[in-house]
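Q: Before anything else, here's the structure in question.
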Protein chains: 2
Amino acid sequence: MALRHAVLAALLDGEYSGYQLAKAFDVSLSNFWYAVPQQLYAELAKLEREGLIAGRQVIQHDRPNKRLFTVTDAGLAELAAFTATPSKPSSIREDLLVMVQAVDRLDPTPVIAQLEERAVAAAAKVEIFDRMLRRLRGELDEETFLREGDRIGPYLTCLRGRRFEQENREWCEQVTALLRARAPLPG
Amino acid sequence: MALRHAVLAALLDGEYSGYQLAKAFDVSLSNFWYAVPQQLYAELAKLEREGLIAGRQVIQHDRPNKRLFTVTDAGLAELAAFTATPSKPSSIREDLLVMVQAVDRLDPTPVIAQLEERAVAAAAKVEIFDRMLRRLRGELDEETFLREGDRIGPYLTCLRGRRFEQENREWCEQVTALLRARAPLPG
DNA sequence: GTCCCATAGTCAGTGATATGACTACTCCTA
DNA sequence: TAGGAGTAGTCATATCACTGACTATGGGAC
């Protein structure tokens, strides 16, 4: 009961095909959930069988036909029930953290390399989030948008994603500097 | 190939039984990995079969006997190989974020309640991390410890966990205040 | 003309992760 | 003297998440 609600939440933004949804999970939702297309198609099929979403065929001539899905009333009810069930906090679950945990007993060189790569990747994600935030709030400034906008959910999760990546970056940079200072690399 | 390295990293701190490891995964490592005891026992058995850890029986009279495990040289090599394989970034994967993503189309009341609970839980975890950090660095101040301490890995991952929970708390509080202001609760 | 990319989706299989129900012994408290 | 909590560990099963290989078509680059 996990991916299912993420899919329902994503479909609140409008009609999506499985393919489009996969893209959405690659960008906008990727900050708190990721899934490969195969998972999404499977989940969409299941949700449709249970009547939580409804699909309609769209005939296309220049490219393959597709099926667009929307959330039904039953789907909305399912989401409402979901918000009522207590959610347990999850942990970060990062391989990179496991590596840092063990770094004292290993050669730090490859760990440092990974931390540097990750810092760059995190900085890039921060920029992506910034662009997405600007797009979501349109011409309004953040404060006004959050007070008066009519679809702030994605904006708020985006803000969380941005904070997370920013912290990630700072931490990676701090740890890199530290490990460098402790074990000066030859050369 | 995921839990396995977390277990190896945890065993670097010294000998542990499955039971003790389960406790460690409940507190110190829980900031970046969580596993229930059954998973740990299964993983330990597998690691022992592969020669990455070695177990020894400890006879106890006042309580059940136990098996303590240590990382072997092969285990260290496995960890070293692990640090050399590129780690892909993971996402947050929080049910609570899914709820916030969907909040525009639902009754915000239960979501607000969950955000408040989570803010409190996050604050509590920050304090736990602070205590753990103090314990890890002993009498040294942070800067000195990080420069000269001989086991900084756990300290660094702990710092990351602390930052994460602090961000979590601030975000939850911000979103709570916002949703409250937008939809004044009756009563 | 061929190759690659984007769109759109399916199938089979595996390993990772989680759930629930157990055993067994000791110490401490009510 | 029963019950609960803590220590120590096992078994079976379900579900999740992910990997890799596939089909099919149209459009553009070389």
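The values are calculated or read from the model by the stated rules, or taken from the named source; none is laboratory data. On a predicted model such as this, the values are computed, not experimentally measured, just so you know. Positions of Cβ are backbone-derived with ideal geometry, glycine not excepted, and every protein chain shown enters the neighbour counts. In case anyone asks, the SASA skips ligands and DNA or RNA and just uses the protein heavy atoms, side chains included. Shrake-Rupley method; radii C 1.70, N 1.55, O 1.52, S 1.80 Å.
Q: Against the globular-protein guess of 2.2 N^0.38 Å, express the Cα radius of gyration of the range B:65-140 as a ratio, rounded to two decimals.
A: Output field value: 1.81.
Q: How much mean residue ellipticity at 222 nm does chain A get from its helices, if each DSSP H run of length 4 or more adds -39500 (n - 2.57) and you divide by all residues, to the nearest 500 deg cm²/dmol?
A: After summing the helix terms and dividing by the residues of chain A, the value is -20500 deg cm²/dmol.
Q: For A:K46, give me every one of the lysines with a C-alpha distance below 27 angstrom, ignoring sequence neighbours fewer than eight places off in its own chain.
A: A:K23, A:K66, A:K88
Q: I want to make sure I understand the PRE zone here: with the label point 7 angstrom from the Cα of A:Y41 toward its beta carbon, which residues in the range A:10-31 have backbone N atoms less than 17 Å away?
A: Counting backbone N atoms under 17 Å from the label point, the list is A:16-26.
Q: Rg (Å, one decimal) plus Dmax (Å, integer) for the alpha carbons of the protein assembly as shown?
A: My reading of the Cα-based Rg and Dmax gives 23.0, 78 Å.
Q: With r as the distance between the Cβ atoms of B:K23 and B:R134 and R0 = 22 Å, compute the FRET efficiency 1/(1 + (r/R0)^6) and round to 0.05. Don't skip to the end; give the middle numbers.
A: Numbers: r = 19 Å, r/R0 = 0.88.
Using R0 = 22 Å, I get an efficiency of 0.70.
Q: How much length is gained if the chain between B:L76 and B:E143 is pulled fully straight, taking 0.36 nm per residue apart and subtracting their Cα-Cα distance, in nm to one decimal?
A: Residue separation times 0.36 nm, minus the Cα-Cα distance, leaves 21.3 nm.
Q: Moving to a separate point now. Can you bin the range A:3-84 into rounded, prolate or oblate? Criterion: square roots of the alpha carbon gyration tensor eigenvalues sorted a ≥ b ≥ c, rounded for a/c under 1.5, prolate for a/b above b/c, oblate for the rest.
A: Verdict is oblate for the range A:3-84.
Q: If you don't mind, another one. Taking a 1.4 Å probe, which of A:T144, B:T83 shows the most accessible area, and what order do the others take after it?
A: Values: A:T144 30, B:T83 5 Å².
Largest accessible area first, the residues go A:T144, B:T83.
Q: What are the label-to-label distances in nm, one decimal and shortest first, from A:E142 to the same spot in the other copies, with labels 7 Å along Cα to Cβ?
A: 2.3
Q: Turning to a different aspect of this structure: How much solvent-accessible surface does B:I92 expose, in Å² to the nearest 10, with a 1.4 Å probe and all protein chains in place?
A: In the full protein context, B:I92 sits at about 10 Å².
Q: Quick one: compute a quarter of the convex hull surface over the Cα atoms of chain B and quote it in nm².
A: So the Cα hull casts an average projection of 15.4 nm².
Q: Continuing with the same structure: What does the accessible area of B:R131 come to, in Å² to the nearest 10, when a probe of 1.4 Å is used?
A: 130 Å²
Q: For the residue pair A:R151 and B:R180, what label-to-label distance in nm results when each label sits 7 Å from Cα along the Cα-to-beta-carbon direction?
A: 2.8 nm
Q: How high is the FRET efficiency between B:E127 and A:D62 when r is their beta carbon distance and R₀ equals 41 Å, given to the nearest 0.05? Don't skip to the end; give the middle numbers.
A: Numbers: r = 59 Å, r/R0 = 1.45.
Once the sixth-power term is evaluated, E becomes 0.10.
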